Amino acid sequence: MFNARAESYDPKAPKAIALTIGLFVLTWLVTEYVIQGSSQYLGLVIVGCAGLAVFMTIMKDWRMGVFIFLSWLVLEDQIRKYMGNSTPIFFAKDVIIGITYLAMYNARRRGKLLTFKPPFMIWLGLFFWMALLQVFNPYSPSLIYGLLGMKTYFYYVPMMYAGYAILRTEEDLHKILILNMWIALIVSGFGLLQSFGGGGFLTPDNIDPELYALSHVTRGEKQLGTYFVRSTSLFVSDGRFGFFLILLFILAFGTAGYLLMRRKRGRMVVFTALGVVTLATIMNGSRGAFVYLMVDTLVLSLAMVWGAPWRYRQAFRMGKTIRNALIISAIAVVLATVFSPDTIRRRWVLYFETLSPTSAHSEFRYRALEYPEKNLESIFEQPNWKWGNGTGVASLGTQYVVRAFGVPRLNVGAESGYALLIAEFGILGPVLWTAWTVSVFFAGWKVVKSLRQTAFFPIGFALFWYVFVLLGYFTFQGLNGYQNYLTNAYLWLIIGILFRLPSLLAETTASGQHARAET
């Protein structure tokens, strides 16, 4: 009896019912619009059609949900610039990825989702339960802060499973890397247009007041001729753009090495993206992004020489990757200098005056070491530092809680990441944070070592290096990198991809050996 029912079950039926209901609602909205002539109904119709199409597409293939989500992450801020700092628009990405999680769950129930057990889940789980308990901290003004904090810290963790499962074959790895190279070209390209155009491009002056201060940051001195507006590209803040540039450069460098080793198509797009990202990083005016550009270049170059296969001229190709990356980056800078020397000069003056050890105005040591240390020390002068004030009370996005719910805002926290962890979770916060991040580093490094002397090593090390940077030194400087939804989502996606690479390599090698045996 059970088998007969199961055989008669049509999995397409729920989709047909959902589509019928959607068409009914759409027809009703169109009718109301025609009768009342209201533009509000037209907006609802458009949103309803788009939402229904997205829902049906993602439920049909959860991988499309990942691609739609990544695209929306990049475009969301630009929509907010022109349509106001709308809360529904801000949380639209969470609805998209929520539908994707649901589609992934359905795929897993049907046995059509690759799964794995992350080796660091015990420590991450302990951090999760501590954060959940801190939601009910009596010092927290509202449970809304706790919900915000739990979303900020953990909502994108399932992206790790998406990153692992999305790589069915090596061709899937190639697709997702090339997609992000096109994203790099678009985002960095618009950032360059802003830099050379004065900063007004894609950033309206009548922007929401909360976003204006973020998108109109200036550096330098007008009287010295070094004044410039920092570019934001498609984002609402120069800081988010700077964080994304760091990620894009690491990803582009690793992708370039991987494609040259595998002789796959798309190398022109990757090297072009590498040059554009390099120039955009210099033009952005972010000293942190500029320093990481140099550090990343050095570390990635040395690592790729160390991990390159020394047989079949593979090491030569790795050296070619490094050479091409440096040449293309140099060409990009030279062209910018030739066509707009004053624009480049203003950035170089800022970097030299504030970063060079020989400059009397150098802030390198202060910003890199002393400033974070002072921020960390200041937390012990704030209330409840032993037991914490509750999850989310000092996280990114508290302004939305205050604006939407009218709850009071606690004046606790600091820029230092460890100080912020103490402010929210007490002394136990940084201990458990360090425990789960270190476990990620050890597990990730094992993966990287297993990829050494293979074509997957360049992209594997690049992914590991980004995880190390974001969860390591970035945390010392501040938790903005982790709590920023853009870099947080990419972090967990990258972790999943990294842990999938050894199995993907084994499957690709076995497939190649089988093909050679048949021939």
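The values are calculated or read from the model by the stated rules, or taken from the named source; none is laboratory data. Keep in mind it's a predicted model, so treat the numbers as computed, not measured. Heads up, the Cβs are rebuilt from the backbone with ideal geometry, glycines too, and the neighbour counts pull from every protein chain shown.
Yes/no matrix, rows are residues, columns are (1) at pLDDT 95 or above; (2) closer than 28 Å to His174 by Cα:
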residue: Ala435; (1), (2): yes, no
residue: Val448; (1), (2): yes, yes
residue: Gln453; (1), (2): no, yes
residue: Ala489; (1), (2): yes, yes
residue: Glu518; (1), (2): no, yes
Name the residues in region 403-423 that are under 22 Å from Trp436 (Cβ atoms), aliphatic (A, V, I, L, M) and assigned to a loop (DSSP other than H, G, I, E, B), would you? Ala414
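Quick check on this structure: which one of Tyr82, Tyr145 is within 30 Å of Asn411 (Cα to Cα) and either in contact (Cβ under 8 Å) with a residue 40 or more places away in the chain or outside the structural domain of Ser237 (by TED's automatic domain parsing) (or both)? Steps first, please.
On the way: Tyr82 fails: within 30 Å of Asn411 (Cα to Cα).
None of the others qualify; the one that does is Tyr145.
Confirm whether Leu234 is on the phi > 0 side of the Ramachandran plot and surrounded by 18 or more Cβ atoms within 10 Å (Cβ to Cβ).
Numbers: on the phi > 0 side of the Ramachandran plot: no; surrounded by 18 or more Cβ atoms within 10 Å (Cβ to Cβ): yes.
For Leu234, the condition - on the phi > 0 side of the Ramachandran plot and surrounded by 18 or more Cβ atoms within 10 Å (Cβ to Cβ) - is not met.
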Take the residues in region 253-272 that are part of a helix (DSSP H, G or I) and among the small types (Gly, Ala, Ser), then tell me which one is surrounded by the fewest Cβ atoms within 10 Å (Cβ to Cβ). Gly254
Considering (1) at pLDDT 90 or above; (2) surrounded by 17 or more Cβ atoms within 10 Å (Cβ to Cβ), say which one Lys81 fails and leave the rest. (1)
Within region 156-214, residues being over 23 Å from Ile250 (Cβ atoms) and either outside the structural domain of Pro502 (by TED's automatic domain parsing) or among the charged types (D, E, K, R) (or both) number 4
Considering residues that are buried (at least 23 other Cβ atoms within 10 Å of the Cβ), hydrophobic (A, V, I, L, M, F, W, C) and over 14 Å from Gly146 (Cα atoms), the number found within region 376-422 is 3
List the residue pairs whose Cβ atoms are under 9 Å apart, where the first residue sits in region 87-108 and is modelled with pLDDT under 90, the second is of a type in the set (Gly, Ala, Ser) and in a helix (DSSP H, G or I), and the two are 6 or more positions apart or on different chains. Thr87/Ala404; Lys93/Ala489; Val95/Gly51; Ile96/Gly65
Quick check: anything in region 377-389 of a type in the set (A, V, I, L, M) and part of a loop (DSSP other than H, G, I, E, B)? no
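Yes or no: region 114-126 includes at least one residue that is outside any loop (DSSP other than H, G, I, E, B) and of a type in the set (S, T, N, Q). Can you show your working first?
Going through region 114-126, the residues outside any loop (DSSP other than H, G, I, E, B) turn out to be 121-126.
Cutting the leftovers down to of a type in the set (S, T, N, Q) gives us none.
The answer is no; no qualifying residue exists.
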If we scan region 479-502, do we find a residue that is surrounded by fewer than 19 Cβ atoms within 10 Å (Cβ to Cβ) and charged (D, E, K, R)? no
Top-ranked residue of region 112-160 - restricted to ones that are hydroxyl-bearing (Ser, Thr, Tyr) and surrounded by fewer than 17 Cβ atoms within 10 Å (Cβ to Cβ), ranked as nearest to Gly390 (Cα to Cα): Tyr139
Residue satisfying all of: in region 245-303; among the charged types (D, E, K, R) and out of contact with any Ser or Thr (no Cβ under 7 Å at 6 or more places or on another chain); modelled with the highest pLDDT among these: Asp296
Got at least one residue in region 183-191 being surrounded by fewer than 19 Cβ atoms within 10 Å (Cβ to Cβ), of a type in the set (Val, Ile, Thr) and touching a residue at least 40 places away in the same chain (Cβ under 8 Å)? yes
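Residues of region 254-298 being among the basic types (Lys, Arg) and over 16 Å from Leu350 (Cα atoms), which ones? Lay out the reasoning, then the answer.
Applying the first criterion (among the basic types (Lys, Arg)) to region 254-298 yields 262-265, 267, 287.
Listed by number, the residues that qualify are Arg262, Arg263, Lys264, Arg265, Arg267.
Does region 367-374 include one or more residues that are among the aromatic types (Phe, Trp, Tyr), in the same structural domain as Val295 (by TED's automatic domain parsing), under 20 Å from Arg230 (Cβ atoms) and free of Cβ contacts under 8 Å to residues at least 12 places away in the same chain?
From region 367-374, those among the aromatic types (Phe, Trp, Tyr) are 371; that's our starting set.
If we keep only those that are in the same structural domain as Val295 (by TED's automatic domain parsing) too, we end up with 371.
With under 20 Å from Arg230 (Cβ atoms) added as a condition, the list becomes 371.
Imposing the further condition that a residue be free of Cβ contacts under 8 Å to residues at least 12 places away in the same chain reduces the set to none.
No, there is no match, as no residue in region 367-374 is among the aromatic types (Phe, Trp, Tyr), in the same structural domain as Val295 (by TED's automatic domain parsing), under 20 Å from Arg230 (Cβ atoms) and free of Cβ contacts under 8 Å to residues at least 12 places away in the same chain.
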